[in-house]
Amino acid sequence: MNITEVRVRLVKKEEGKLKAVASVTIDDCFVIHDVKIIEGAEGCFIAMPSKRTPDGEYKDIVHPLNTETREMMGRAVLAEYEKAKRESESAGV
């Protein structure tokens, strides 16, 4: 599996933990939208797309099946987030 593209949309809110939303393309043939980039106590992390269940819980609707894949996706998304953040800061946005 190869991550062939990551697109990041920064969130304009100054406050709050949600920093950006990403779309991840795998092998130029499969895309995962709404991967959230969230600021945590130990830095940013990704949260996979989820839906709210009738009892109020949130369940991932798509997710990696192993740690290696989750880490690879996290590294790719967070690297693109840092790049988008730097470009936004240098553009004065």
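The residue that is farthest from the chain's Cα centre (by Cα), among those in region 41-64 that are hydrophobic (A, V, I, L, M, F, W, C) and closer than 19 Å to residue 4 by Cβ, is 62.
Out of 89, 80, which single residue is assigned to a helix (DSSP H, G or I), modelled with pLDDT of 95 or more and not aliphatic (A, V, I, L, M)?
On inspection, the qualifying residue turns out to be 80.
Within region 19-28, the residues that satisfy the criterion of being under 11 Å from residue 5 (Cβ atoms) and free of Cβ contacts under 8 Å to residues at least 24 places away in the same chain are 23, 25.
Within region 66-90, residues that are at positive phi reach no partner that is acidic (Asp, Glu) with beta carbons closer than 8 Å at six or more positions or on different chains.
As for region 56-76, it holds no residue that is part of a strand (DSSP E or B) and in contact with a Gly (Cβ under 6 Å, 6 or more places away or on another chain). Tell me which residues, restricted to region 39-77, are farther than 23 Å from residue 10 by Cα, of a type in the set (Asp, Glu) and open to solvent by 100 Å² or more (accessible area, probe 1.4 Å). 55, 68, listed by residue number. When restricted to residues that are open to solvent by 70 Å² or more (accessible area, probe 1.4 Å) and within 9 Å of the chain's Cα centre (by Cα), region 8-38 contains 2.
Suppose we filter region 80-93 for residues that are over 18 Å from residue 31 (Cα atoms) and surrounded by 11 or more Cβ atoms within 10 Å (Cβ to Cβ); how many remain? Give the derivation first.
First, the residues of region 80-93 that are over 18 Å from residue 31 (Cα atoms): 82-93.
Checking which are surrounded by 11 or more Cβ atoms within 10 Å (Cβ to Cβ) leaves us with 82-85, 87-88.
Looking only at that region, the number is 6.
The values are calculated or read from the model by the stated rules, or taken from the named source; none is laboratory data. Treat the numbers as computed from the prediction; the structure is a model and nothing was measured. Here Cβ is always computed from backbone atoms with ideal geometry, including for glycine, and neighbour counts include all displayed protein chains. Accessible surface areas use protein heavy atoms only, side chains included; no ligands, DNA or RNA. Shrake-Rupley method; radii C 1.70, N 1.55, O 1.52, S 1.80 Å.
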